[in-house]
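Worksheet: the structure to be examined is printed underneath.
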Amino acid sequence: MDSLLDFSGQVAMITGASSGFGRLLAQGLASRGCNLVLGDINLDELQNTLDSLSLTDNQVISMACDVSDEAAVKAMVDGALKTFGRLDIGVNNAGIAHSLMPLHQVDQATIDKQMAVNVNGVLFGMKYQIEAMLKQGSGHVLNVSSMAGIGGAPKGAAYSAAKHAVVGLTRTAAVEYAKKGIRANAICPFYSPTNILAVDGYDSPESQERLARGCPMRRLADPQEVVNTMILILSPGNSYMSGQTIAIDGAVSAW
Ligand SMILES: NC(=O)c1ccc[n+]([C@@H]2O[C@H](COP(=O)([O-])OP(=O)(O)OC[C@H]3O[C@@H](n4cnc5c(N)ncnc54)[C@H](O)[C@@H]3O)[C@@H](O)[C@H]2O)c1
């Protein structure tokens with residue numbers, strides 16, 4: 001295997017691994033030799049992810065993990081250390097959308113849920129991943145933000161606020177831990193048809209066509225395209241990039 005895509009011997013933790021980007025990333029890293037620690041709240045689908053992995057000498061452990069529960073996130077990192085003795089990659093991917101609402105109608109429950117899962121979930125992941133990485137003097141955190149984390153998202157104010165926070169956490173960690181050999185980056189995808197689009201009502205062909213018209217490439221990303229970029233960012237050869245928010249957006253942000 002090309003060394004740029006060889007993750008043999010590495011250990012990666014992925015939250016939200018039961019679906020969408022998290023499942024595809026687990027598949028992509030597993031087939032490239034990476035040991036994995038996978039977590040999600042949806043245990044039936046987590047089992048389906050496990051069943052879909054192709055492993056060689058590498059191993060996978062999985063556990064129930066609601067990322068809004070600090071102890072559950074810590075347990076994933078503890079699982080990595082107990083089973084594999086290290087953690088090289090932390091992917092804070094679990095996230096939720098909310099139904100579309102104008103900013104002046106955003107309610108407290110929506111904000112609280114966004115902060116609990118999309119912000120606290122990432123912060124808890126980073127906190128324990130970085131603690132483990134400090135002990136070994138190396139590591140790479142990859143957070144999943146969104147185009148809504150680098151620009152406005154009409155009718156998605158709470159989601160946008162949460163995803164902007166993910167960018168702030170990423171940049172802060174990159175600067176704070178650079179001297180310790182720890183890097184942090186974030187991806188900012190445009191819409192891609194995974195289960196999350198059902199939440200904000202973008203799961204019909206018509207609404208996806210409408211979204212695609214807002215993209216210079218005139219199409220949404222295949223989820224595998226987003227994950228391919230995640231794998232390239234996590235590549236062992238990509239060792240000098242840190243603090244970046246990488247748009248995966250068919251040139252939307254270039255407009
Ligand atoms: N698909 C897109 O268009 C898009 C665009 C930009 C950003 N994102 C982000 O990508 C990430 C992955 O989403 P996806 O598109 O694969 O959607 P998805 O709904 O297919 O996957 C999200 C996963 O997170 C899990 N999850 C939800 N709440 C959780 C919690 N509290 N604790 C642990 N796991 C939880 C779900 O069970 C699911 O397995 C999210 O952070 C999302 O905000 C997605």
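The values are calculated or read from the model by the stated rules, or taken from the named source; none is laboratory data. The shown structure was predicted, so the numbers you read here are calculated from the model rather than taken from an experiment. Neighbour counts run over all protein chains shown; Cβ positions are idealised from the backbone, glycine included.
Yes or no: region 90-112 includes at least one residue that is within 29 Å of Lys180 (Cα to Cα), at pLDDT 95 or above and away from the ligand (no atom under 12 Å from the Cβ). Scanning region 90-112 turns up at least one residue that is within 29 Å of Lys180 (Cα to Cα), at pLDDT 95 or above and away from the ligand (no atom under 12 Å from the Cβ).
When the criteria are applied in full, Met133 meets the requirement of being crowded, with 17+ Cβ neighbours inside 10 Å and either more than 18 Å from Thr245 (Cβ to Cβ) or among the basic types (Lys, Arg) (or both). Restricting region 184-222 to residues that are under 23 Å from Met241 (Cα atoms) and touching a residue at least 60 places away in the same chain (Cβ under 8 Å) leaves a set whose member that is farthest from the ligand (Cβ to nearest atom) is Asn185. Among residues of region 65-76 that are in a helix (DSSP H, G or I), those with a Cβ under 9 angstrom from a residue that is among the hydroxyl-bearing types (Ser, Thr, Tyr) and near the ligand (Cβ under 8 Å from one of its atoms), sequence gap 6+ or separate chain, pair up as Val73/Thr15; Met76/Thr15.
None of Gly39, Gly22 is touching a strand residue (DSSP E or B) at 6+ places or on another chain (Cβ under 8 Å), in a helix (DSSP H, G or I) and in contact (Cβ under 8 Å) with a residue 12 or more places away in the chain except Gly22. In region 70-87, of all residues being among the small types (Gly, Ala, Ser) and within 15 Å of the ligand (Cβ to nearest atom), the one that is farthest from Met13 (Cα to Cα) corresponds to Ala71. Each residue in region 141-174 was checked for being more than 8 Å from the ligand (Cβ to nearest atom), part of a loop (DSSP other than H, G, I, E, B) and under 24 Å from Ser19 (Cβ atoms), and 3 pass. Residue check: Ile61 meets all listed conditions (1) of a type in the set (Val, Ile, Thr); (2) in a helix (DSSP H, G or I); (3) more than 22 Å from Thr170 (Cα to Cα) but one, namely (2).
Okay, residues lined up against (1) charged (D, E, K, R); (2) crowded, with 19+ Cβ neighbours inside 10 Å:
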site: Thr194; (1), (2): no, no
site: Glu209; (1), (2): yes, no
site: Asn228; (1), (2): no, no
site: Met241; (1), (2): no, no
site: Ala247; (1), (2): no, yes
site: Gly250; (1), (2): no, yes
site: Ser253; (1), (2): no, no
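Residues in region 13-27 that are closer than 15 Å to Gly90 by Cα and over 12 Å from the mean Cα position of the chain (by Cα): how many? Of the residues in that region, 0 qualify. None of Leu100, Leu81 is of a type outside the set (S, T, N, Q) and within 21 Å of Ile196 (Cα to Cα) except Leu100. When region 218-241 is filtered for residues that are in contact with a Phe, Trp or Tyr (Cβ under 9 Å, 6 or more places away or on another chain) and either outside any helix (DSSP H, G or I) or under 13 Å from Cys188 (Cβ atoms) (or both), the ones remaining, listed by number, are Leu220, Ala221, Val226, Met230, Ser235, Pro236. Among the residues of region 79-90, is any aliphatic (A, V, I, L, M), under 23 Å from Pro189 (Cβ atoms) and touching a residue at least 12 places away in the same chain (Cβ under 8 Å)? Yes; the residues of region 79-90 include at least one that is aliphatic (A, V, I, L, M), under 23 Å from Pro189 (Cβ atoms) and touching a residue at least 12 places away in the same chain (Cβ under 8 Å). If I filter region 31-48 down to residues being within 16 Å of the chain's Cα centre (by Cα) and crowded, with 24+ Cβ neighbours inside 10 Å, which single residue comes out as nearest to the ligand (Cβ to nearest atom)? The residue in question is Asp40.
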